[in-house]
Amino acid sequence: MYAIVSLFGLILFSGCDNQSITAKRIILIGIDGMGVTGFQQARTPNLDQLVRRGALSLKTRGVMPTVSAPNWGSHLLGAGPEQHGITYNGWTTDNHTVKPTDADEAGYFPSVFSVLFEQRPETMTGFFYDWDALADFFNLSKIDKVEYSNTFAQTFEKATLWITSNDPEFTFIYIGYPDEIGHEHEWGSPEYISALEEVDAALGEFFNALKKASMYEDTHIMVVTDHGGVGHGHGGLSMEEIEVPWIICGPGVIQNRMIRQPNDVFNTASTISWLLGVEQPESWIGRPTLGAFASSPLSETNTQLYVPQPVASLHSGLYTESQAVALSVSDPKVTLRLTLNGEDPDEQSPVYKDQVLLMKTTQLKAAAFLDGQRSRITNLDFVKVKAITNAQLSIQPAEKYTAAGVSTLTDLQRGSNDFKDGNWLGFEGDDLLMEIAMDDLTAISNVRLGFLNLPGSWIFPPQRIEIMASVDGTRYFEIGSMTNEQINGDVIAGRNELSIKIKPSKVNYLKVHAQNTGICPEGHPGEGKPAWLFVDEVIVE
């Protein structure tokens, strides 16, 4: 049997809060891949209804890696991959590399299901799902009802019938559809948003069935997810992937309020255990999300209403042409305001009425306002650049990091903090020497260079940057430069983008020279060996 925290330990763990709530029943609904942006962009009246009846965190953090198995495991196992050992999709008790710190006789880390089975054997539990691998993470012999379906509609149908017929204390319903569509069509795509809206419609039917059975008002309903996404995938280090929505409503929960305290996915199991009055295993690291409950002093600081964040039709990035941007928000009762000067919008900022035409580099900020409350701010960094169609490299990158060649530097796609993401050119001990031929005589006022600073991976900033210009392609003159001191004064860990101050010029040709630092410095693990220079985008404005 698993080790259990003593009552004294639980009191310390819960702070000074006296538990005044014992849940009659809890339904945990997991919607795979529902990122914060998608949640706020999709029109989801049924999820919005839950938020108005309860509490919402938009900054709950998933565990690393930001893939499904480690995160769904963490939600129900009260701990992270370091403890439960689920580090990849496809984990089983017979196929894993990290041993769990605690396990039952069958090799399973303690779950909410098993804790209830051990401490409250009379408790009825259910598990309904449509991703077959999910069943490998829990000891199914300690769950009363386990039901797999091929579609989320079938999952809801089976769960609805069983819950309304048996009135279980705890049920987990897993829906994988949005994640499937995100992989197929991209996170944030119209198809992905539609998938979230389809799931929300099914939620509405499920809630109506609970209401008809007089099981809605006195049920604690939680809606959680495992990760967001970027492009067609997830698993990276971006905040879009790691920050996720977390919703709870029911008796004793604050209503229509944002949870400002830090929250993690492994707190889900602890919150469920706390609500059901059972002690959590010693191996769990989660803690109840007490800021969601009116009985906790923590909730007194959670006064902010949930106001949906505006969504822009355009992404931040590099553009060679002017673009029209439209703003939308899922709640029609809010007022949308925006600024175009980089300042945060307030209630005196201009009201958004129609799409905005961006003709030059602009920082647009927008927010929704309702009853004196402001939403999270939407930031759109629109950078208008000169198109580069003719460029070449005098020195080629290392064979391992050639990406798409010189076009990588002009494809309007910035690299991430991951030097292996396919958007970087890597030079081992060599400089970047790039020659650009403009289509015609072009006025330029600024040049930017993207590079990485990851000394732990032997990747260092340029030692010096020089920009040379020419009208005839023969005689070049320097129009801007940055010294080592200037570069290091602005550099941060990870991706950097520096603007090189230049003399405004009309030119036909440019040369960009970023000097490699040469060798790894004294005291570095690679001391004396070739240093790496990683560059991604050369931007001409």
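Points worth noting:
- In this Cβ point-charge picture (+1 for Lys and Arg, -1 for Asp and Glu), the range 447-492 has a dipole of about 100 debye about its Cα centre.
- Total formal charge among the other residues, if their Cβ is under 15 angstrom from that of Pro262, Lys/Arg +1 and Asp/Glu -1: +2
- For the range 194-252, radius of gyration divided by Kirkwood radius, i.e. Rg to Rh on alpha-carbons: 1.11
- Dipole magnitude of the chain, debye to nearest 20 (Cβ charges: Lys/Arg +1, Asp/Glu -1, about Cα centre): 1340 debye
- Phi to ³J(HN,Hα) by Karplus 6.51 cos²θ - 1.76 cosθ + 1.60 over the range 212-217, Hz, x for Gly, Pro: 4, 8, 6, 10, 8, 5
- Measuring nothing but how far apart in sequence close Cα pairs (under 8 Å, 6+ apart) lie, relative to its length, the chain scores a relative contact order of 15 percent.
- Restricting the calculation to Cα atoms, every distinct pair contributes to the Kirkwood radius of the chain, found to be 25.9 Å.
- Charge sum, other residues only, whose C-beta stays under 9 Å from Gly35's C-beta, Lys/Arg counted +1 and Asp/Glu -1: -3
- For the range 504-514, backbone phi angles converted through the Karplus equation (6.51, -1.76, 1.60; θ = phi - 60°) give residue-by-residue couplings of x, 9, 10, 9, 9, 9, 9, 10, 10, 10, 10 Hz, Gly and Pro being listed as x.
- MRE, 222 nm, helices only [DSSP H, n ≥ 4, -39500 (n - 2.57), over the chain, to nearest 500]: -6000 deg cm²/dmol
- Over 27 Å between alpha carbons, listed pairs Lys386/Lys501; Lys99/Lys158; Lys99/Lys400; Lys360/Lys501; Lys59/Lys384: Lys99/Lys158; Lys99/Lys400; Lys59/Lys384
- The label point for Ala387 and the one for Asp218, both projected 7 Å from the Cα toward the Cβ, are 6.8 nm apart.
- Signed unit charges on C-beta, dipole axis of the chain, positive-most listed residue Asn263, Thr171, Leu441: Leu441
- The slack in the chain from Lys511 to Gln363, taken as 0.36 nm per residue of separation less the alpha-carbon distance, amounts to 50.4 nm.
- Candidates Pro81, Asn150, Gly252 compared by Cα position along the dipole of the range 7-301: farthest toward the positive end lies Gly252, with charges placed on Cβ.
- Under-5 Å amide H pairs with Ile519, H placed in peptide plane, nonlocal only: Ala531
- Computed from the Cβ-Cβ distance with R0 of 30 Å, the FRET efficiency linking Lys400 to Thr97 stands at 0.70.
- Evaluated at q = 0.14, 0.17, 0.20 Å⁻¹: base-10 log I(q)/I(0), Debye formula over Cα of the range 391-540: -0.63, -0.92, -1.25
- Put simply, the Cα atoms of the range 137-291 extend 41, 36, 34 Å along their principal axes, the longest span coming first.
- When you restrict to C-alpha pairs under 8 Å that are six or more residues apart and normalise by the size of the range 415-540, the relative contact order lands at 42 percent.
- Karplus 3J(HN,Hα) series, Hz, for the range 274-287 with 6.51 cos²θ - 1.76 cosθ + 1.60 (x for Gly, Pro): 4, 5, 8, x, 10, 8, 7, x, 4, 7, 6, 10, x, 8
- For the pair Gln154 and Asp411 in one chain, pulling the backbone fully straight at 0.36 nm per residue adds 88.1 nm over the alpha carbon distance.
- Sequence-distant residues sharing a close amide H with Gln280 (under 5 Å, placed H): Val5
- Expressed in Å, the radius of gyration and Dmax of the Cα atoms of the range 7-301 are 17.5, 51.
- P(r) tail fraction, the range 311-384 - alpha-carbon pairs more than 20 Å apart, %: 24 percent
- Charged-residue dipole, Cβ positions (Lys, Arg, Asp, Glu), the range 391-540 about Cα centre, Debye nearest 20: 240 debye
- Charge sum, other residues only, whose C-beta stays under 12 Å from Val67's C-beta, Lys/Arg counted +1 and Asp/Glu -1: -4
- Inter-part distance, the range 507-541 to the range 431-502, computed on C-alpha centroids, equals 10 Å.
- Look at the dipole of the range 7-301 built from charges on Cβ: of Val115, Pro100, Ser273, the Cα furthest out on the positive end belongs to Ser273.
- The gain in end-to-end length when the Asn256 to Glu282 segment is fully stretched comes to 6.0 nm, 0.36 nm per residue minus the alpha carbon separation.
Read the figures in this text as sums done on the coordinates, not as results from a lab. Owing to the predicted nature of the structure, the values given are computational and were not obtained by experimental measurement. As a convention, Cβ positions derive from the backbone with ideal geometry for all residues, glycine included, and neighbour counts pool all protein chains shown.
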